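Visitor: The structure's right below; bear with me while I get my questions together.
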């Protein structure tokens with residue numbers, strides 16, 4: 001990308017009705033645009049970040065045998081009525097719309113019913129199991145108060161994975177694989193040191209589910225944890241029985257605010273029974289499929305990363321998910337020429353600021369945009385046959401020869 005050709009612009013001010021730090025910075029830097037409360041468009045730079053997060057998740061889910069599909073956002077009421085969840089009293093965040101031909105459709109807040117209904121066509125025998133299916137799909141939730149920028153929205157991107165196994169033991173084996181995959185995902189996203197598997201309410205089919213919570217002052221949840229954070233508990237399930245189960249004393253725990261960035265649930269037969277997803281076992285008996293589900297809010301993770309790492313100057317992206325690795329500025333005729341050549345040779349790595357602006361304004365924008373490294377090529381640096389490279393994360397500056405930089409690329 002050349003900034004001279006970008007239709008987006010950096011802003012100095014954001015509307016006062018946007019109070020969340022993550023959204024303010026992303027709007028200022030031209031990554032997203034607020035369409036209405038709880039609804040955001042992702043602009044070229046923002047989409048690149050979203051896609052990089054998605055690709056990291058995809059790689060790790062593929063590594064545990066996930067098969068990627070894409071289901072519809074529009075939902076037939078039938079499967080949801082069978083589970084009782086089309087009722088607004090059961091799920092109170094539905095967006096629904098009438099059909100001109102009669103009847104009513106919904107916009108999916110989640111996809112347990114449609115994936116269960118779909119797989120009735122493909123699962124009939126124990127030989128068809130286990131099966132692990134996932135997607136990246138836009139979800140719609142009619143939140144009463146959309147807030148916290150892209151941390152809580154009415155339209156958002158989610159990775160949802162569903163497991164289908166013959167029994168609980170097979171389910172638990174895969175559940176552990178997902179735990180390991182999630183640990184790798186958050187490590188690769190730069191959140192590994194501050195994101196923890198957290199005990200939460202398990203619902204009807206297990207004593208606990210697990211959330212993945214990132215310690216964050218603006219998070220909506222409160223979590224309690226012991227000294228080495230080997231036990232982390234959501235405040236909503238904190239009681240004497242849970243403490244006894246987990247072998248910790250309340251006096252050992254301290255608390256902090258946190259933001260949920262993922263969850264994993266045992267579903268058992270909650271959906272397979274009413275939707276009649278079953279298989280013939282090795283004895284010829286019909287059995288309900290045993291299910292689990294595993295979510296990560298992709299756009300929510302992006303907002304958490306902004307909140308976690310941004311500073312007073314702007315965004316600070318971890319290298320693995322930054323839209324570009326290098327923000328290159330050429331100063332003077334020769335500097336501009338070399339900068340343009342480097343960009344032409346490495347368009348996926350380099351964001352070229354070739355706008356007709358003062359260097360100081362370009363440097364300010366480089367800090368706002370949060371690209372991991374700013375590279376300056378000028379008459380001053382070229383006098384020593386070098387360029388200047390500065391880390392956005394810690395501000396350290398080094399000098400490299402042009403050839404060394406090309407080798408680095």
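The values are calculated or read from the model by the stated rules, or taken from the named source; none is laboratory data. Computed from a predicted model, the values in this text were never measured in an experiment. Because the Cβ atoms are built from the backbone with ideal geometry, glycine has one as well, and the counts that use them run over all protein chains shown.
Visitor: Is it true that residue 379 is touching a helix residue (DSSP H, G or I) at 6+ places or on another chain (Cβ under 6 Å) and surrounded by fewer than 16 Cβ atoms within 10 Å (Cβ to Cβ)?
Guide: Yes, satisfied.
Visitor: Could you check, for the range 78-87, whether at least one of its residues is surrounded by 13 or more Cβ atoms within 10 Å (Cβ to Cβ), touching a residue at least 40 places away in the same chain (Cβ under 8 Å), within 24 Å of the chain's Cα centre (by Cα) and assigned to a helix (DSSP H, G or I)?
Guide: Within the range 78-87, not a single residue is surrounded by 13 or more Cβ atoms within 10 Å (Cβ to Cβ), touching a residue at least 40 places away in the same chain (Cβ under 8 Å), within 24 Å of the chain's Cα centre (by Cα) and assigned to a helix (DSSP H, G or I).
Visitor: Counting only residues that are outside any helix (DSSP H, G or I) and touching a strand residue (DSSP E or B) at 6+ places or on another chain (Cβ under 8 Å), how many does the range 347-366 have?
Guide: Result for the range 347-366: 6.
Visitor: Further question on the same structure: Could you please give the count of residues in the range 382-403 that are surrounded by 13 or more Cβ atoms within 10 Å (Cβ to Cβ) and either out of contact with any strand residue (DSSP E or B) (no Cβ under 7 Å at 6 or more places or on another chain) or on the phi > 0 side of the Ramachandran plot (or both)?
Guide: Number of matching residues: 2.
Every residue, every condition in (1) more than 30 Å from residue 51 (Cα to Cα); (2) not in a loop (DSSP other than H, G, I, E, B), yes or no:
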| position | (1), (2) |
| --- | --- |
| 186 | no, yes |
| 196 | no, yes |
| 214 | no, yes |
| 224 | yes, yes |
| 229 | yes, no |
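Visitor: Now, a different point. With 105, 50, 129, 45 as the choices, which residue is in contact (Cβ under 8 Å) with a residue 24 or more places away in the chain, surrounded by 13 or more Cβ atoms within 10 Å (Cβ to Cβ), more than 28 Å from residue 151 (Cα to Cα) and in the same structural domain as residue 178 (by TED's automatic domain parsing)?
Guide: 129 is the lone residue from the list that is in contact (Cβ under 8 Å) with a residue 24 or more places away in the chain, surrounded by 13 or more Cβ atoms within 10 Å (Cβ to Cβ), more than 28 Å from residue 151 (Cα to Cα) and in the same structural domain as residue 178 (by TED's automatic domain parsing).
Residues are listed down the side, and each one gets a yes or a no for (1) in contact (Cβ under 8 Å) with a residue 12 or more places away in the chain; (2) assigned by TED's automatic domain parsing to the domain that holds residue 294; (3) in contact with a helix residue (DSSP H, G or I) (Cβ under 7 Å, 6 or more places away or on another chain):
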| residue | (1), (2), (3) |
| --- | --- |
| 174 | yes, yes, no |
| 186 | yes, yes, no |
| 192 | no, yes, yes |
| 198 | yes, yes, no |
| 206 | yes, yes, no |
| 213 | yes, yes, no |
| 219 | yes, yes, no |
| 228 | no, yes, no |
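Visitor: Next question, about the same structure. Mind listing whichever residues of the range 285-303 are in a strand (DSSP E or B) and either out of contact with any strand residue (DSSP E or B) (no Cβ under 7 Å at 6 or more places or on another chain) or in contact (Cβ under 8 Å) with a residue 60 or more places away in the chain (or both)?
Guide: Within the range 285-303, 287, 290, 291, 292, 293, 294, 295, 296, 297 qualify.
Visitor: For residue 374, work out the one condition from (1) more than 19 Å from residue 332 (Cα to Cα); (2) under 28 Å from the mean Cα position of the chain (by Cα); (3) outside any helix (DSSP H, G or I) it doesn't fulfil.
Guide: (1)
Condition check ((1) buried (at least 16 other Cβ atoms within 10 Å of the Cβ); (2) at positive phi; (3) in a helix (DSSP H, G or I); (4) in contact with a helix residue (DSSP H, G or I) (Cβ under 7 Å, 6 or more places away or on another chain)) across all residues:
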{"residue": "19", "(1), (2), (3), (4)": "no, no, no, no"}
{"residue": "30", "(1), (2), (3), (4)": "yes, yes, no, yes"}
{"residue": "59", "(1), (2), (3), (4)": "no, no, yes, no"}
{"residue": "70", "(1), (2), (3), (4)": "no, no, no, no"}
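Visitor: May I ask you to verify whether residue 306 is part of a strand (DSSP E or B) and at pLDDT 95 or above?
Guide: No: the conditions fail for residue 306.
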